1. Only helices at least 24 Å long along their own axis, judged from Cα atoms, and with Kyte-Doolittle mean hydropathy of -1.0 or greater: name those in the chain from DSSP H.
2. Under a point spin-label approximation (7 Å from Cα along Cα-to-Cβ), what is the residue 128-residue 57 distance to one decimal in nm?
3. Counting alpha carbon pairs within less than 8 Å and at least 6 residues apart, what relative contact order, in whole percent, applies to the range 259-336?
4. For residue 182 and residue 166, calculate 0.36 nm times their separation in residues minus their Cα-Cα distance, and state this gained length in nm to one decimal.
5. Mean separation of Cα pairs under 8 Å and 6+ residues apart, divided by the residue count of the chain: what relative contact order is that in percent?
6. Give the peptides 175-186, 104-115 in descending order of average Cβ contacts within 10 Å, highest first.
7. Which of the aspartates and glutamates could be linked to residue 268 by a straight reach, that is with a Cα gap under 18 Å, when you skip same-chain ones fewer than 8 residues away?
8. Report the charge-dipole magnitude of the chain in Debye, nearest 20, computed about the Cα centre from +1 at each Lys and Arg Cβ and -1 at each Asp and Glu Cβ.
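The values are calculated or read from the model by the stated rules, or taken from the named source; none is laboratory data. Since the structure is predicted, the reported quantities are computational estimates derived from the model, not experimental observations. Don't worry about glycine lacking a Cβ; one is built from the backbone with ideal geometry, like all the others, and counts go over all protein chains shown. What goes into the accessible areas is simple: the full protein's heavy atoms, side chains included, and nothing from ligands, DNA or RNA. Shrake-Rupley method; radii C 1.70, N 1.55, O 1.52, S 1.80 Å.
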Amino acid sequence: MNIPTRRHMLGLALGSLMAVTAPLAQAADAPITIMVGGINKIIYLPAKLTEALGYFKDEGLNVELQSQPTGVDAENQLIAGAVQGVVGFYDHTIDLQSKGKEIQAIAVFCKVPGEVELVSTKAAPTFKSMADAKGKTLGVTGLGSSTDFLTRYLADRQGVAQKDYSLLPVGAGNTFIAAMKQDRIQAGMTTEPTVSQMLKSGEAKVLVDLRNEADTIKALGGLYPAASLYVQNSWAETHKAEATKLGRAFARTMHYIHTHTAEEIAEKVPRDYYGNDKALYIEALRASVPMFTTDARMPEGGPENVLKVLATYKPQVRSKNIDLSKTFTNAFVAGAKP
């Protein structure tokens, strides 16, 4: 029987230690997967732009961006732990808290929704405001999505009850355009560059514009912070270094957007974002810049207004004591330099 020597035992111990620490090293190098609720939408431009500018790499991050057509599906992936972050609307953090899930925005891209309620040119003569929505079918990206929340609120403010109109999930981009062309929807909520595309073709008109502060305050009673990066609170707590790096990277991007021309920004995005009409995309970008924050911070008073909107018709939100301090934080973008 061979009795192990002290040197042999030390070797075994070191080998065991290496075996234990190796997976930890791999985990540290693992990519951070961020799902975007429609990656080519201009409201979510900061996601791809941050990647294109190399800001993730500057922070030493390995970020993988994935696209999911609707925000509600993206949030489900986050809750399931399939992704570490979502680029979607801030209002999901409040809605999810009412369901017992703690999600927080750690970088805010838009201080207003950036959405537009378009009405088809065919329906426009008798559909001049949301007060005329009775009996109509309104398009949203998906049921339970932010466009769903906002559409209901706009109709409610004009005295139209939910039972008096229909909501139809039609996605975004080409599927939205097709639904309106085929008269499956008479109006619907969508974003740039789809808005500029439909206005240019003459197929639609603006019913409610949520791309700027003045019209948003008029329609929703205040600012409505929207596009943001949100994560599970538990992930942010256990990955503070990564969260801080993400915050810094996105804060740099927001500064870039406000210090460069629409033409310069368009040069950074993939060609399929604008197809054969780059000029139209640049025009849509130029119209969108005012909706973006300059520093990725949550605008003051924004969370309170979002809560008010959701609580108006969502009984579950209304019945819960929502703690807004758990739905966002500026800690990871505080002190970020351009």
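1. Helices meeting the criterion: 6-29, 240-259.
2. 5.6
3. Numbers: 27 pairs, mean separation 20.6, N = 78.
Relative contact order, the range 259-336: 26 percent.
4. Taking residue 182 through residue 166 to full extension adds about 4.1 nm, to one decimal.
5. Computed over the chain, the figure is 26 percent.
6. Working: 175-186: 17.7, 104-115: 27.9.
Per-residue mean Cβ counts within 10 Å order the peptides as 104-115, 175-186.
7. Those aspartates and glutamates meeting the cut-off are 51, 58, 64, 192, 277, 283.
8. About 380 debye.
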